[in-house]
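Asks: Sharing a structure, written as structure tokens. Questions coming.
The values are calculated or read from the model by the stated rules, or taken from the named source; none is laboratory data. Please read these numbers as outputs of a predicted model, since none were measured by experiment. Here the Cβ positions follow ideal geometry from the backbone for every residue, glycine too, while neighbour counts run over all protein chains shown.
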Amino acid sequence: MTLDLTVADAAAKPAKKTLPDAQTVTSVRHWTDSLFSFRVTRPASLRFRSGEFVMIGLPDDNGKPILRAYSIASPNWDDELEFYSIKVQDGPLTSRLQHIRPGDQIILRPKPVGTLVLDALLPGKRMWFLATGTGIAPFASLMRDPETYERYEQVVMMHTCRTADELTYGRELVENLRHDPLLAELYGDDFANRLLYYPTTTRETTDRMGRITDNFTTGKVFADLGLPPISAQTDRAMICGSLAFNIDVKAVLEGFGLREGANSDPREFVVEKAFVGDGV
Ligand SMILES: Cc1cc2nc3c(=O)[nH]c(=O)nc-3n(C[C@H](O)[C@H](O)[C@H](O)COP(=O)(O)OP(=O)(O)OC[C@H]3O[C@@H](n4cnc5c(N)ncnc54)[C@H](O)[C@@H]3O)c2cc1C
Ligand SMILES: NC(=O)c1ccc[n+]([C@@H]2O[C@H](COP(=O)([O-])OP(=O)(O)OC[C@H]3O[C@@H](n4cnc5c(N)ncnc54)[C@H](OP(=O)(O)O)[C@@H]3O)[C@@H](O)[C@H]2O)c1
């Protein structure tokens, strides 16, 4: 079960001192004991490319900012900014951030950067978004950006977590996209075939299981979705997970003949870490 808080809940809260680069929290949703998402006001001057990240944070007890990298999960046309976050119980930032409520302020440095942008890839036919855990955040932005579907005929979102409840944020987002009026107007009934969703678990038994790497090397994902194997002529990919995941997926994609690209040197796939370290 999820817990939603919106600005209305904040009406009785006293006004707080304004932080530098402050933005106001407009809603918070807790998905599991270790995952939550929240939305904040967007600085009028902030322009970003879907898939980029910014530094956000809160002040510590002495007023010094604790800042961390966060992928913007909302698309670049959205009036607000959305973030999808882990809760690390002894983490300097998220031990505090997990308690934010609508009306609170966070620090947001308005300098977006990142490698998971459409411009870092050569044109192709099919785009694979490959994520574990909170690594789905940049793809939550890119999946909601019509430009993704203008550039690619088909998008496949593969998201893997240990348990089914950890998939809920992504699952709900994809379901909402299937009813999105803008995408429905552009693609109609064809949209179901434009965005394919392939969630799997690895530790809880569900209908679809397995690591992304295994589902590629056994060919299971291609058989399940009725797609040809990945080829450098048609397929492009973006990877976002732990360091170990990124290294292993990169090797699998290179095995299919794809090469890593960058903003300055577009090729067939790009990689970004979902976090630094071994995991919570
Ligand atoms: C480019 C980039 C983009 C990022 N985007 C996001 C995002 O969209 N959402 C998000 O929740 N985090 C994201 N992170 C991680 C984020 O910057 C922080 O590490 C996280 O918010 C925890 O902060 P902390 O101060 O509480 O703990 P930290 O001291 O930063 O981390 C403590 C430990 O927790 C583990 N950890 C940290 N973040 C995660 C995570 N997301 N999933 C699993 N384990 C983790 C690591 O082992 C880390 O060593 C991103 C990191 C990078 C480098
Ligand atoms: N999430 C939890 O419930 C939980 C509970 C206790 C402790 N932890 C600790 O928290 C850390 C982070 O946990 P997490 O679940 O968020 O992230 P994670 O360990 O990176 O796992 C997320 C998903 O990615 C898969 N994966 C991990 N490494 C991979 C690789 N090299 N190639 C392909 N797939 C890979 C995992 O499959 P596998 O399941 O096959 O590894 C899992 O489905 C871990 O180090 C863990 O020790 C997490």
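Asks: Considering only segment 179-192, state which residues are touching a helix residue (DSSP H, G or I) at 6+ places or on another chain (Cβ under 9 Å) and more than 23 Å from PHE83 (Cβ to Cβ).
Replies: ALA184, LEU186, TYR187, PHE191, ALA192
Asks: Given (1) away from ligand 1 (no atom under 16 Å from the Cβ); (2) within 22 Å of LEU227 (Cβ to Cβ), identify the lone condition not met by GLY170.
Replies: (1)
Asks: Across segment 87-133, which residue is farthest from PHE245 (Cα to Cα) among those that are of a type in the set (Val, Ile, Thr) and within 16 Å of ligand 2 (Cβ to nearest atom)?
Replies: So, considering only residues that are of a type in the set (Val, Ile, Thr) and within 16 Å of ligand 2 (Cβ to nearest atom), the one farthest from PHE245 (Cα to Cα) is THR94.
Asks: Spot the failing condition for GLY226; the list is (1) in the same structural domain as MET143 (by TED's automatic domain parsing); (2) at negative phi, and only one is missed.
Replies: (2)
Asks: Given the conditions (1) assigned to a helix (DSSP H, G or I); (2) more than 20 Å from the chain's Cα centre (by Cα); (3) farther than 19 Å from GLU147 by Cβ; (4) polar (S, T, N, Q), report the number of the one that ASN246 does not fulfil.
Replies: (2)
Asks: Here's a follow-up. Quick check on PRO138: is it in the same structural domain as ASN246 (by TED's automatic domain parsing) and near ligand 1 (Cβ under 10 Å from one of its atoms)?
Replies: Against the criterion (in the same structural domain as ASN246 (by TED's automatic domain parsing) and near ligand 1 (Cβ under 10 Å from one of its atoms)), PRO138 qualifies.
Asks: Continuing with the same structure: Can you go through ILE86, ILE106, ILE100, ILE66 and tell me which one is over 30 Å from GLY210 (Cα atoms), within 10 Å of ligand 1 (Cβ to nearest atom), touching a residue at least 12 places away in the same chain (Cβ under 8 Å) and outside the structural domain of LEU243 (by TED's automatic domain parsing)?
Replies: Of the residues listed, the single one that is over 30 Å from GLY210 (Cα atoms), within 10 Å of ligand 1 (Cβ to nearest atom), touching a residue at least 12 places away in the same chain (Cβ under 8 Å) and outside the structural domain of LEU243 (by TED's automatic domain parsing) is ILE66.
Asks: Specify which of the listed residues (ASP278, ASP207) is away from ligand 2 (no atom under 13 Å from the Cβ), assigned to a loop (DSSP other than H, G, I, E, B) and more than 23 Å from GLU153 (Cβ to Cβ).
Replies: On inspection, the qualifying residue turns out to be ASP207.
Asks: Out of curiosity, is VAL174 closer than 18 Å to GLY51 by Cα and in a helix (DSSP H, G or I)?
Replies: Here the answer is yes, as VAL174 does meet what is asked.
Asks: Working carefully through the options ASN215, ASN193, find the one that is in contact with a strand residue (DSSP E or B) (Cβ under 8 Å, 6 or more places away or on another chain) and at pLDDT below 95.
Replies: So the residue among ASN215, ASN193 that is in contact with a strand residue (DSSP E or B) (Cβ under 8 Å, 6 or more places away or on another chain) and at pLDDT below 95 is ASN193.
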